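Right, one structure below, let's go through it.
The values are calculated or read from the model by the stated rules, or taken from the named source; none is laboratory data. Given the structure is predicted, the values throughout are model-derived calculations rather than measurements. As a convention, Cβ positions derive from the backbone with ideal geometry for all residues, glycine included, and neighbour counts pool all protein chains shown.
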Amino acid sequence: MPLKKFATQREAVILSILLNGERFGREIRDEYEKRTEEAMPVGSLYTTLERMEEYGYLASREGEPSDVRNSHKRRYFRLTALGSQAFDLACAQASSLTRKA
C-alpha cells in the first residue's frame with residue numbers, strides 16, 4: 001500500500017500517541033486532548049481512526065469486555081510499519097516548515 005503524502009495534524013498526533021504501543025479509543029482521545037489542549041468528539045476520533053486504518057497506518061483488534069456491568073468490548077489500535085513511515089514523514093515535513101520560517 002503506498003504511503004499517503006501528508007498526514008494531517010490530527011493524524012500525526014495520533015501516530016505519535018501510538019508510538020509507545022497500542023491503546024483503546026478513550027485513551028487515545030484523552031492523550032490527544034492533553035497534548036493539543038483541544039477537545040475531540042468521540043465521533044471525530046473514530047472517523048479519524050477508521051480512515052487511518054484504511055490508509056494502512058493503524059491496525060485494530062477487539063479486546064475482551066471488562067467486568068463492569070453492560071461494558072462494551074474495547075477496540076485497541078496500534079501503529080503499523082506504514083504508520084511509522086507516515087509519522088517519520090510528518091516529522092520531516094514539520095522540520096522542513098520550521099527551517100523555512
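Quick look at the numbers
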{"read-out": "Residue, farthest from residue 53 (Cα to Cα), within the stretch 1-38, restricted to residues that are modelled with pLDDT of 95 or more and hydroxyl-bearing (Ser, Thr, Tyr)", "value": "36"}
{"read-out": "Residue in the stretch 19-29 that is of a type in the set (A, V, I, L, M, F, W, C), more than 11 Å from the chain's Cα centre (by Cα), surrounded by 12 or more Cβ atoms within 10 Å (Cβ to Cβ) and part of a helix (DSSP H, G or I) present", "value": "no"}
{"read-out": "Index of the failed condition, residue 33 passing every other in (1) surrounded by 16 or more Cβ atoms within 10 Å (Cβ to Cβ); (2) more than 11 Å from the chain's Cα centre (by Cα)", "value": "(1)"}
{"read-out": "Cβ-Cβ under 6 Å pairs, at least 6 apart or on other chains, the stretch 38-65 side in contact (Cβ under 8 Å) with a residue 12 or more places away in the chain and in a helix (DSSP H, G or I), far side surrounded by 16 or more Cβ atoms within 10 Å (Cβ to Cβ) and among the basic types (Lys, Arg)", "value": "45/29; 48/10; 55/4"}
{"read-out": "Some residue of the stretch 71-79 being out of contact with any Ser or Thr (no Cβ under 8 Å at 6 or more places or on another chain), in a strand (DSSP E or B) and surrounded by 11 or more Cβ atoms within 10 Å (Cβ to Cβ)", "value": "yes"}
{"read-out": "Residue match in the stretch 53-68 (condition: surrounded by fewer than 17 Cβ atoms within 10 Å (Cβ to Cβ), touching a Ser or Thr at 6+ places or on another chain (Cβ under 9 Å) and either of a type in the set (D, E, K, R) or closer than 13 Å to residue 12 by Cα (or both))", "value": "yes"}
